[in-house]
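The values are calculated or read from the model by the stated rules, or taken from the named source; none is laboratory data. It should be emphasised that the depicted structure is a prediction, and the values quoted were computed from it without experimental measurement. Counting neighbours? That spans all protein chains shown, and the Cβs are built from the backbone with ideal geometry, glycine included.
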There are 2 protein chains.
Amino acid sequence: MTDLRADPVAELANELRTAVGRASRRIRAERGAAGLSDPQFTVLAWLDVRGPMTPGQLAEAERIQPPSMTRTVNGLVELGLVRKDEHPSDGRQVVVSLTPAGAAEVRETRHRRDVWLTGLLAAMTEAERAQLAAAVTLLHRVAAS
Amino acid sequence: MTDLRADPVAELANELRTAVGRASRRIRAERGAAGLSDPQFTVLAWLDVRGPMTPGQLAEAERIQPPSMTRTVNGLVELGLVRKDEHPSDGRQVVVSLTPAGAAEVRETRHRRDVWLTGLLAAMTEAERAQLAAAVTLLHRVAAS
DNA sequence: TATTGTTATACTCTATAACTATA
DNA sequence: TATAGTTATAGAGTATAACAATA
């Protein structure tokens, strides 16, 4: 990585990529007891935050292809966690929304996943937590690029 | 997420988990032209950093089960990027090491992945890059916990 | 014609269980 | 007996290509 060391910005890119990858894998390793997979949970989280969405919107949000989202959504339907309804004015579209069970599940799963991370953050200093909070905004910018 | 809003630390955990997950997915979406998958590249990266490792060590490093790593390593062997040799003193173990082609490939792939992120970081302010650099250390601490 | 979603099919990554070889 | 690795098998997630329904 000789060329990276020559450019501080490229070196930061390398370090950030590694750190984000490692942290992401570690966080995802903390699965909820409900047994929901990461993609399944993410769909519930989107619906919880943005309300009812179409499969196409969900696929775009997760940057996956529509057929993949169809599969994930259908799995959640079978679990009774989401509902598929006809779009009121466009017969081509489908509206996916949380069922009461899905709304409860997303809250519980998110809570279980956050418990571990919350405990970790609580052990940090206030200054360190502030650094991470600042990074959150920048990481979102990275993700949106 | 009523309970999260009541605790600033838990709220930060929730935001950090989301931001890290999104950034990680976005970064991984930048694949090298060589077509290596993320697990394949990660194994090459481990070998590049730590030198020869056994499949068991690689599995532990990536927090996956040994059979999964066997598959990934075998794929890399077929590509001519790593080599499997007998352990000098323990006949049960196998030593996986980079071939010259693998060493070149890991450098090139890593470089291609970093190009995109470097361009993004170059567009940020120096202060923002400093924030991310500070976060790198903390993210490593998260990953190691 | 263009858009939305699904079905069909295949590939990758992962896991658990059972097996082989060696310590 | 315990350990390291593999093989067998299965499940989940993703993709592309082709199709159906609707705008």
- Failed item in (1) modelled with pLDDT under 95; (2) crowded, with 16+ Cβ neighbours inside 10 Å, with A:Val96 passing the rest: (1)
- Apart from one, (1) out of contact with any Ser or Thr (no Cβ under 8 Å at 6 or more places or on another chain); (2) surrounded by fewer than 16 Cβ atoms within 10 Å (Cβ to Cβ) all hold for B:Gln57; the odd one out is (2)
- Task: Check the stretch B:103-125 and report whether any residue there is within 30 Å of A:Gly119 (Cα to Cα) and at the interface with chain A (Cβ under 9 Å from one of its Cβ atoms).
- Result: no
- Taking A:Leu81 and the conditions (1) modelled with pLDDT under 95; (2) within 14 Å of chain B (Cβ to nearest Cβ); (3) more than 12 Å from DNA strand C (Cβ to nearest atom); (4) farther than 25 Å from B:Arg63 by Cβ, which numbered condition does it fall short on, given that it satisfies the others? (2)
- Item | Listing of helices (runs of 4 or more DSSP H) fully contained in the stretch B:1-75 that carry 1 or more residues being at pLDDT below 75 | B:2-5, B:8-28
- Message: Taking the conditions exactly as written (in a loop (DSSP other than H, G, I, E, B) and away from chain B (no Cβ under 13 Å)), does A:Pro88 satisfy them or not?
- Response: yes
- Query: Do we find that B:Leu121 is under 19 Å from the mean Cα position of the chain (by Cα), of a type outside the set (Lys, Arg) and assigned to a helix (DSSP H, G or I) in this structure?
  - Reply: no
